[in-house]
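Working notes, beginning with the structure itself.
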Amino acid sequence: MRILIVEDDVNLNRQLAEALKEAGYVVDTAFDGEEGHFLGETEPYDAIILDIGLPEMDGITVLEKWRGAGRGMPVLILTARDRWSDKVAGIDAGADDYVAKPFHVEEVLARIRALIRRAAGHSSSEIICGPVRLDTKSSKATVDGKPLKLTSHEYRLLAYLMHHKGEVVSRTELVEHMYDQDFDRDSNTIEVFVGRLRKKMGVDLIETVRGLGYRIQAPTNAN
């Protein structure tokens, strides 16, 4: 899952980025509204953390431009605690949720998890596909109750497929959501990670859809 943080406070931006990376997310960062607007308009993010008080272009304007252009990714806005009007303006502009500063990073992580789940149509922190369970809260996966030992890239691949279970996901889409903007992307590596993931899972749930990509789905007699 790929997240964009648009926050001009360098320390807060870094703190959020480190926490999200530790939780298994791919993270891009921007420090002003213009850069944030450009990235949000041109890159595919699973969610965006957007500060309201930004230099160059304020957060409300950035959000309005995204929504006006049809960009529907979940957006969590950061507001000042005593500025209730910012919260109202943010929600009216198309924000999906908000957190008031100062906040605990764990709250931001929980709200981001919830936004991504809702966007993919899941209500629980656990996503189940046959014998495979993905706990988005702990960033852990199990097969028949036994923990899967996955690398960060394998986890990101499984997490994206699980969030979109039953859907065909192209190699290009996987690459866009598994790596940040500065990574030297190669869609051929996806096949390698899929092979490793299949071997570790030991169950045949990931289907190769020739010419289109991959799909994870449970057998018809399973969850």
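The values are calculated or read from the model by the stated rules, or taken from the named source; none is laboratory data. Keep in mind it's a predicted model, so treat the numbers as computed, not measured. Backbone-built Cβ (ideal geometry, glycine too); neighbour counts: all protein chains shown. Quick note on the areas: whole protein, heavy atoms, side chains included, nothing else; ligands and nucleic acids left out. Shrake-Rupley method; radii C 1.70, N 1.55, O 1.52, S 1.80 Å.
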Note to self: C-alpha centroids of region 89-131 and region 154-175 sit apart, in Å, by 19 Å
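Based on DSSP H runs of at least 4 residues, each adding -39500 (n - 2.57), what is the mean residue ellipticity at 222 nm of the chain after dividing by all its residues, to the nearest 500 deg cm²/dmol? Intermediate values should be presented prior to the final figure.
Numbers: 8 runs with 92 residues, N = 223.
Calculated mean residue ellipticity at 222 nm is -12500 deg cm²/dmol.
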Tilt, helix 105-119 to longest principal axis of the chain (alpha-carbon atoms), in degrees rounded to tens, equals 60 degrees
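Heavy-atom accessible area per residue, the chain, 1.4 Å probe: how many Å²? Walk me through the numbers on the way to the answer.
On the way: 10980 Å² over 223 residues.
That works out to 49 Å² for each residue.
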In debye to the nearest 20, the charge dipole size for region 1-118, taken about the Cα centre with +1 at each Lys and Arg Cβ and -1 at each Asp and Glu Cβ, equals 540 debye
For region 124-214, shape from the Cα gyration tensor axes a ≥ b ≥ c, cut at a/c of 1.5 then a/b versus b/c, turns out prolate
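About its Cα centre, how strong a charge dipole does the chain have in debye, to the nearest 20, once Lys and Arg get +1 and Asp and Glu get -1 at the Cβ? All intermediate terms of the calculation are to be shown ahead of the outcome.
Numbers: 29 positive and 37 negative charges, 285 e Å.
It works out to roughly 1360 debye.
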Treating only Lys and Arg (+1) and Asp and Glu (-1) as charged, each at its beta carbon, one finds that region 124-214 has a dipole about its Cα centre, in Debye to the nearest 20, of 440 debye
Rounded to a whole %, the carbon-and-sulfur portion of the accessible area of the chain at a 1.4 Å probe is 46 percent
The computed P(r) of the chain puts the percent of Cα pairs beyond 33 Å at 18 percent
Taking Lys and Arg as +1 and Asp and Glu as -1, residues besides Thr142 with C-beta under 12 Å from its C-beta add up to +2
In degrees rounded to 10, the 0-90 angle between helix 10-22 Cα long axis and the longest Cα principal axis of the chain is 10 degrees
